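The values are calculated or read from the model by the stated rules, or taken from the named source; none is laboratory data. Please read all numbers here as calculations on a predicted model, not as lab measurements. All Cβ positions, even for glycine, are placed from backbone atoms using ideal geometry, and neighbour counts span all protein chains on display. What goes into the accessible areas is simple: the full protein's heavy atoms, side chains included, and nothing from ligands, DNA or RNA. Shrake-Rupley method; radii C 1.70, N 1.55, O 1.52, S 1.80 Å.
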Amino acid sequence: MAEIALADGVWTFDGETLRIVPGSGRDVHEIRKALGELVIPLEAIAGATFEPARKGGHLRLRLRKGADPLTDAVAGSLTAPADPYRLQIPKDRTGAAEYFADEIRDSLAVWQTAAGPCEDFVLPGPEVPITATAGDGTVSFDGERVRVEWTGFASTAKDEAGPQEFAVADLTGVEWKPQSGMGYGVLRFHPKDEGPLRPPQKDPRCLSWGVQRFGGTTCLVAAAVLARIPRGPAELPPPPSTTAETQTILGQLSELGELHRQGVLTDEEFSAAKQALLRRLG
């Protein structure tokens, strides 16, 4: 058995199962604390590496596509310190971290574990009921229905639409991304009868936030919902569509123009932000 115990958390591996227990200190991210202890079978693991840095580094676990609803929901956007599959390693424990990663890799080789996508989720996802608040709304999920209620930061369009409810059986997907630069963080639900996409701050199917980096624990709601959306054998959750991303960027360009006209942004600020968004459009 291999174990590495640090203030950031405790990882224990017995050759077949990896157990991750987050630390309890104030520096441990709220997402990891809310997610709690994770028990990960070897069949869900694609690999493990130690990533060195000047002051130590990170022990990082990679999961197979389709094995974990949280990993699929965040699509690589959940970086340290919020990522539950990264353990911060101090400089004097780098050797132990490298040994731990080797133990996982050796077990994967011995058991010849598949590295391709999983047909069904191996991990169950966050427990329900679950609730999170970020930016312009509060979202709750009881395992069958999603309910969204608006806060005082919601736009007129969302207030007029009123609270929203979606049966998980009527959803085709869920999209989540953190706030970055001048863009909004987003938790968007995609129903089967979805019409044209709107900018996140005006879309009643979408929570949006412009301040919190990770949007509180909204990513855990996204994972809980994704884990329960029906899918056929070998069908994996689709990534956010190019069309959705394009619509979001176009909405942000429109907002930039309005802020520039109002004098909130200088010519230089407007030009720099506009070029950044245009580069994302490619």
- Among the residues of the stretch 46-57, count how many are under 24 Å from Pro90 (Cα atoms) and touching a residue at least 24 places away in the same chain (Cβ under 8 Å). 8
- Query: Any idea how many residues of the stretch 54-63 are farther than 17 Å from Leu18 by Cα and either among the hydrophobic types (A, V, I, L, M, F, W, C) or open to solvent by 10 Å² or more (accessible area, probe 1.4 Å) (or both)?
  - Reply: 2
- Message: For Glu43, only one of the following conditions fails: (1) open to solvent by less than 10 Å² (accessible area, probe 1.4 Å); (2) touching a Phe, Trp or Tyr at 6+ places or on another chain (Cβ under 9 Å). What is its number?
- Response: (1)
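Considering only residues that are closer than 18 Å to Ala96 by Cβ and surrounded by fewer than 19 Cβ atoms within 10 Å (Cβ to Cβ), which ones fall in the stretch 11-40?
First pass over the stretch 11-40, keeping only residues closer than 18 Å to Ala96 by Cβ: 11-15, 18-21, 23.
Within the stretch 11-40, Thr12, Asp14, Gly15, Arg19, Val21, Gly23 qualify.
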- Could you list, in sequence order, all residues of the stretch 86-109 that are open to solvent by less than 10 Å² (accessible area, probe 1.4 Å) and either under 16 Å from Leu38 (Cβ atoms) or free of Cβ contacts under 8 Å to residues at least 24 places away in the same chain (or both)? Leu87, Phe100, Ile104
- Message: When you scan the stretch 64-83, do you find a residue that is surrounded by fewer than 18 Cβ atoms within 10 Å (Cβ to Cβ) and among the hydroxyl-bearing types (Ser, Thr, Tyr), even just one?
- Response: yes
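So which residues in the stretch 145-170 are in a loop (DSSP other than H, G, I, E, B), open to solvent by 40 Å² or more (accessible area, probe 1.4 Å) and farther than 19 Å from Glu194 by Cα, if there are any at all? Outline the logic, then answer.
The initial filter retains those residues of the stretch 145-170 that are in a loop (DSSP other than H, G, I, E, B), namely 151-155, 162-163.
From what is left, the residues that are open to solvent by 40 Å² or more (accessible area, probe 1.4 Å) are 152-153, 163.
Those that are in a loop (DSSP other than H, G, I, E, B), open to solvent by 40 Å² or more (accessible area, probe 1.4 Å) and farther than 19 Å from Glu194 by Cα: Gly152, Phe153.
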